[in-house]
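The values are calculated or read from the model by the stated rules, or taken from the named source; none is laboratory data. Predicted model only: the values in this text are computed from it and were never measured. Neighbour counts run over all protein chains shown; Cβ positions are idealised from the backbone, glycine included.
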Amino acid sequence: MTDATAGASTAQPRTRTSTSLLTPDSRTRRRNAAERRFKIYGLIAVSIGLLFLVLLLSTIIFNGLRGFQQTFVTVNVELLEEKLDKNGNRDPADLRKVSTFGYAPLIDAALESKLETLGLENPFAKASDLRKMLSAGAPAQVRDFVLENPDRIGETVTFRMLASSRVDGYLKGRVTRESIERDKNLDAAHLDLVDVMRESGTVRKSFNWDFILGADASESRPESAGIGVAMIGSFYMMLVVLGLSLPIGVAASIYLEEFAPKNRITDFIEVNISNLAAVPSIVFGILGLAVFIQFAHLPQSAPLVGGLVLTLMTLPTIIIATRASLKAVSPSIREAALGVGASRMQAVFHHVLPLAAPGILTGTIIGLAQALGETAPLLLIGMVGFIASNYPESIVDGFMSPNSAMPAQIFEWAKRADPAYYERAWGGIIILLCFLVVMNAIAIILRRRFERRW
């Protein structure tokens, strides 16, 4: 045996340090630490998003809930026959000849009588100064009552009248005694009377249904403004959008996805549909102004024109959502239908389309919800150029007569000078958000209702 062999046989074997599978090495620890950091970053991002959402909703609710309350003043007005019906014949033509200026002295006398009942004196030289606590529409309210009930002339009738926006703001904390010193419409003496009348129950805040059901008012009567007529305008616009965008969008999607040949023309169409979905909405407004109003001479500010403009804006969204829903249907459904002898059209309409219906309905309602909140296109077709003060008299009138929409009405209120309109703008945002939540809930319900498994 050689020396080399002897040395090799006598050498001690080297020991290897074995690592347990249960003990992570440094590389695994670094990877696990990176994963934990990523989870923390995700939680922070979600928390920040929820924080901003809570701040947004709390701000909207805090500022908007005051718009649903209004201050009312209860007064007993004596409908003097010698003032309203000198001839005593109750002829409607004669009663209409008495303007609101003829009813103002009756309200002044009613306010003075109310102060006497409360043991107060009129601090003003003119009785008409007391009427500044009431809305400018108070005489019109009494006049409308008399025209509808001419047999009540000669009686003393209790009226629940809107207080002026300054009085309403004082009870809501929006108007203070310091700010009223620079106001020409009201002064501290009026506020002293309001404090006493509030303690007696003559002045009281309550829920204002007219804000939800009423019409817009002029800038001098913010306390009378409501969003009801604008809601009707939005309803008619959504009917136009739904009646046009759904059939056109679904038909175009079915053709492009199921029947159209794959060539440069269809590729060009698909690219342009995707581009149209990203076009700013104001561009569609300019297009609607040029095509529907200036060229087609449709009535300006009509819900029909607004619906047509919003249809152009909504079509790309519906087409993209519908095509995605059609692609999500398994190809085996088409192959099985064709294998048993169905035509191409029968396979699409009898099998593919029903399975894609939940996604189509969801995309359609989301597109409608997006259109419901659009303002820029409506500005360009003139939906903020007038006061929407009357409900439509018929269905045709609802489509063709000038009207406003909820987002346009909110924009109009936000840019007016009186702070009471700013308060109503927040209230209108709450109503608009309620509409959007309802539409999204309908989308979820329809999706679950029509969802089918294969």
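Looking for whichever is out of contact with any strand residue (DSSP E or B) (no Cβ under 6 Å at 6 or more places or on another chain) and surrounded by fewer than 17 Cβ atoms within 10 Å (Cβ to Cβ) here; the options are 280, 303. Which one fits?
Just one listed residue meets the conditions, 280.
Which residue is surrounded by the most Cβ atoms within 10 Å (Cβ to Cβ), if the candidates are limited to region 193-218 and must be more than 12 Å from residue 73 (Cβ to Cβ) and without any contact (Cβ under 8 Å) to a residue 60 or more places away in the chain?
Only one residue tops the list, namely 214.
Among the numbered conditions (1) surrounded by 19 or more Cβ atoms within 10 Å (Cβ to Cβ); (2) under 16 Å from residue 425 (Cα atoms); (3) in contact (Cβ under 8 Å) with a residue 40 or more places away in the chain; (4) not polar (S, T, N, Q), tell me where residue 174 comes up short.
(1)
Within region 27-44, does at least one residue satisfy the condition of being at pLDDT below 90, outside the structural domain of residue 423 (by TED's automatic domain parsing), surrounded by fewer than 10 Cβ atoms within 10 Å (Cβ to Cβ) and out of contact with any helix residue (DSSP H, G or I) (no Cβ under 8 Å at 6 or more places or on another chain)?
yes
Condition test on residue 98, is it hydrophobic (A, V, I, L, M, F, W, C), in a loop (DSSP other than H, G, I, E, B) and either surrounded by 15 or more Cβ atoms within 10 Å (Cβ to Cβ) or not assigned by TED's automatic domain parsing to the domain that holds residue 201 (or both)?
So residue 98 fits the description; yes.
In region 142-179, what count of residues is obtained for those that are in contact with a Phe, Trp or Tyr (Cβ under 8 Å, 6 or more places away or on another chain) and not aliphatic (A, V, I, L, M)?
Of the residues in region 142-179, 6 are in contact with a Phe, Trp or Tyr (Cβ under 8 Å, 6 or more places away or on another chain) and not aliphatic (A, V, I, L, M).
In region 172-196, which residue that is of a type in the set (D, E, K, R) and assigned to a helix (DSSP H, G or I) is farthest from the chain's Cα centre (by Cα)?
Restricting to residues being of a type in the set (D, E, K, R) and assigned to a helix (DSSP H, G or I), the top hit is 192.
Just to be sure I understand, how many residues within region 410-430 are free of Cβ contacts under 8 Å to residues at least 12 places away in the same chain and not in a helix (DSSP H, G or I)?
1
Within region 300-345, count every residue that is touching a helix residue (DSSP H, G or I) at 6+ places or on another chain (Cβ under 6 Å) and of a type outside the set (Ser, Thr, Tyr).
Total satisfying the criteria: 24.
Residue check, residue 271 against (1) surrounded by fewer than 11 Cβ atoms within 10 Å (Cβ to Cβ); (2) of a type in the set (A, V, I, L, M); (3) within 25 Å of residue 407 (Cβ to Cβ), all met but one. Which one?
Every condition holds for residue 271 apart from (3).
When region 51-82 is examined, which residues are found to be under 29 Å from residue 94 (Cβ atoms) and either in contact (Cβ under 8 Å) with a residue 12 or more places away in the chain or surrounded by 10 or more Cβ atoms within 10 Å (Cβ to Cβ) (or both)?
75, 76, 77, 78, 79, 80, 81
Out of 107, 60, report the one residue that is in a helix (DSSP H, G or I) and within 29 Å of the chain's Cα centre (by Cα).
None of the other options fit; the residue is 60.
Kindly indicate whether residue 299 is under 19 Å from the mean Cα position of the chain (by Cα) and not β-branched (Val, Ile, Thr).
no
Only one of these conditions is not met by residue 329: (1) buried (at least 20 other Cβ atoms within 10 Å of the Cβ); (2) in contact (Cβ under 8 Å) with a residue 24 or more places away in the chain. Which number is it?
Evaluating residue 329 over (1) buried (at least 20 other Cβ atoms within 10 Å of the Cβ); (2) in contact (Cβ under 8 Å) with a residue 24 or more places away in the chain leaves (1) as the failure.
For region 332-362, how many residues are surrounded by 14 or more Cβ atoms within 10 Å (Cβ to Cβ) and hydroxyl-bearing (Ser, Thr, Tyr)?
The qualifying residues number 1.
Would you check which residues across region 110-136 are surrounded by fewer than 18 Cβ atoms within 10 Å (Cβ to Cβ), touching a residue at least 24 places away in the same chain (Cβ under 8 Å) and part of a loop (DSSP other than H, G, I, E, B) and list them?
Selection gives 118, 120, 123, 124.
Between a first residue in region 24-35 that is free of Cβ contacts under 8 Å to residues at least 40 places away in the same chain and a second residue that is part of a helix (DSSP H, G or I) and surrounded by 10 or more Cβ atoms within 10 Å (Cβ to Cβ), which pairs have beta carbons less than 8 Å apart while being 6 or more apart in sequence or on different chains?
Going by the 8 Å Cβ cut-off, the qualifying pairs are 24/32.
Can you name the residue in region 363-393 that is hydroxyl-bearing (Ser, Thr, Tyr) and at pLDDT 85 or above and is also surrounded by the fewest Cβ atoms within 10 Å (Cβ to Cβ) among such residues?
Looking at residues that are hydroxyl-bearing (Ser, Thr, Tyr) and at pLDDT 85 or above, I get 391.
Note down all Cβ pairs under 9 Å where the first residue falls in region 431-445 and is closer than 15 Å to residue 232 by Cα, the second is small (Gly, Ala, Ser), and they're at least six residues apart or on different chains.
431/64; 432/234; 432/373; 435/234; 435/369; 435/373
Collect the residues in region 151-171 that are in a helix (DSSP H, G or I) and surrounded by 17 or more Cβ atoms within 10 Å (Cβ to Cβ), keeping them in residue-number order.
Within region 151-171, 165, 166, 167, 168, 169, 170, 171 qualify.
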